[in-house]
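Data block below; observations after.
The values are calculated or read from the model by the stated rules, or taken from the named source; none is laboratory data. Computed from a predicted structure; not experimentally measured. Glycine gets a Cβ as well: all are built from the backbone with ideal geometry, and neighbour counts include every protein chain shown. Surface areas here come from the heavy atoms of the whole protein model, side chains and all, with no ligands, DNA or RNA. Shrake-Rupley method; radii C 1.70, N 1.55, O 1.52, S 1.80 Å.
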Amino acid sequence: MKACLALWLMLASVSNAWANGALDTLQVHGFLSQALIVTDENSFFGPSSEGGGSWQFTELGANVSLRPHEDILLAAQVLSRRAGGDASDASPELDYAVLDYQPITTQQRTVGVQLGRFKNPYGFYNQTRDVAFTRPSILLPQSIYFDRSRSLALSGDGINVYWEERIPTGTFHAQLGLGYPQKTNSKELNLGLTEEQADPRFSTVGQLRYEHGGGNFIAALSAASINYKLQIENAERSSRENLRLTPWIISLQYNAADWSLTGEYGLRKLSLPNAINLQGDSDITSESWYVQYIRRMDNNWRWLIRYDDLANNRDDRSGNAYEASGAGPDHSQYARDITLGAQWDIHPQVMLAAEYHHVNGTGWLSLQDNPDPDETKARWNMLLFQLSLRF
């Protein structure tokens with residue numbers, strides 16, 4: 001409803017803009033990415049370990065923006081994304097749609113508010129994660145930016161307030177979003193429940209960020225309280241349960257002329273008050289971090305090396321207690337990923353990318369691709385190739 005209200009306001013503003021000649025500010029852009037994924041064990045985004053691999057990772061989007069008044073920006077994007085599953089998963093969806101109003105805009109300060117469906121300020125990459133040209137690699141670090149449960153942190157319907165303060169040494173940014181996260185299901189949550197319904201409840205997300213020296217050094221702190229109501233239907237119970245995810249992320253980045261060093265560290269507390277989660281714990285805190293080095297060879301070539309570490313339960317990093325409880329294999333509770341990747345800009349609108357992952361653990365694999373965790377292998381390798389276009 002909130003996103004629909006934003007679209008209605010946008011259409012009304014476009015009508016006014018037409019009358020006022022503001023359509024000169026209209027911009028339309030789009031992008032398309034297609035990847036091939038090959039694994040020696042396990043499956044990722046489709047049957048990647050079978051035959052010639054999986055072609056089931058496709059991203060297609062179009063966005064439009066218009067400034068009907070110097071203080072108002074209208075922007076929206078429609079996204080079709082397939083990451084495994086069947087073709088119906090690629091149905092176009094409204095990715096974001098906002099009416100952005102800036103009541104204060106000076107050389108020192110900008111204050112604004114967004115109404116509608118906004119992208120959550122979560123870590124360095126969440127707000128632009130679906131556009132391949134904005135990602136440092138084909139896959140973002142999965143310990144922080146889960147693709148299996150991306151809708152939890154991707155966007156929200158409501159209001160997002162932001163403030164930017166420019167000082168002689170750098171720029172401070174602050175954002176606070178209030179609203180409802182995107183609808184998800186128990187498969188995406190990897191809870192092993194038979195009923196898939198998970199209804200969003202009022203949630204909050206915010207970020208404090210400082211950029212020094214024109215972006216040479218960037219530091220950010222992101223936090224959220226993401227709430228859902230689960231409908232539990234199985235042989236043991238039939239009830240509605242509250243689920244709360246409370247992530248905290250510290251992000252640091254240094255940018256030199258031809259290289260960048262990035263690191264992010266996250267803690268995520270998952271609260272299930274009635275102890276319906278595995279092992280019977282009402283609260284589980286996961287821990288994740290990565291370190292990433294990017295080298296720019298010239299304006300068109302880049303390569304990276306990254307180490308990415310995930311522990312689904314920081315009190316059971318090895319997963320031994322999880323396996324002893326009979327919940328599943330120990331390696332499903334962690335993932336340690338070494339990544340090598342490269343990107344080549346053939347043209348400003350065309351990019352080729354390739355990367356290799358050596359992974360110990362299956363902590364970020366989805367149940368959709370691997371319905372029986374006991375059949376997965378702890379150590380596995382993955383190759384990805386991607387062609388990306390934009391206009």
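Some values worked out for this structure:
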quantity	calculated
Accessible area of the chain belonging to carbon and sulfur atoms, whole % at 1.4 Å probe	57
Extension reserve of the E93-S325 stretch, reckoned as 0.36 nm per residue once the Cα distance is removed	79.5 nm
Residue-by-residue Karplus 3J(HN,Hα) for region 203-218, coefficients 6.51, -1.76, 1.60, Hz, glycine and proline x	9, 9, 8, x, 8, 10, 9, 10, 10, 9, x, x, x, 4, 10, 10
For the chain, accessible area per residue (1.4 Å probe, heavy atoms of protein chains only), Å²	46
Point-to-point label distance, D372-S318, nm (Cα→Cβ direction, 7 Å offset)	2.7
Distance between modelled label sites at N360 and R244, nm, 7 Å Cα→Cβ extension	3.6
FRET E, pair W259, I338, Förster distance 22 Å, beta-carbon r, rounded to 0.05	0.70
For Y122, distant residues with modelled amide H under 5 Å away	Q127
From phi via Karplus (6.51, -1.76, 1.60), per-residue ³J(HN,Hα) for region 330-337 in Hz, x at Gly/Pro	4, 5, 6, 9, 8, 7, 10, 10
Cleavage-rule hits (chymotrypsin sites (Phe, Trp or Tyr not before Pro)) in region 304-359: DSSP loop, at most 12 neighbouring Cβ within 10 angstrom	none
Under 17 Å between alpha carbons - lysine pairs in the chain that sit 8 or more apart or on different chains	6
Tilt relative to the chain, helix 2-20 - C-alpha long axis, 0 to 90 degrees, to 10	20
Separation of the N216 and A174 label points, Cα + 7 Å toward Cβ, nm	2.7
Rounded FRET efficiency, nearest 0.05, which uses the C-beta distance separating K269 from F202 and R0 of 22 Å	0.75
Cα gyration tensor category, rounded, prolate or oblate, for the chain with a/c compared to 1.5	prolate
The chain, dipole about Cα centre (Lys/Arg Cβ +1, Asp/Glu Cβ -1), debye to the nearest 20	960
Extended-chain gain in nm, criterion 0.36 nm per residue less alpha-carbon gap, S282 and K229	17.6 nm
Note, ³J(HN,Hα) from phi for region 350-363, Karplus 6.51, -1.76, 1.60, rounded to Hz, x at Gly and Pro	9, 9, 10, 9, 8, 7, 10, 10, 10, 10, 10, x, 10, x
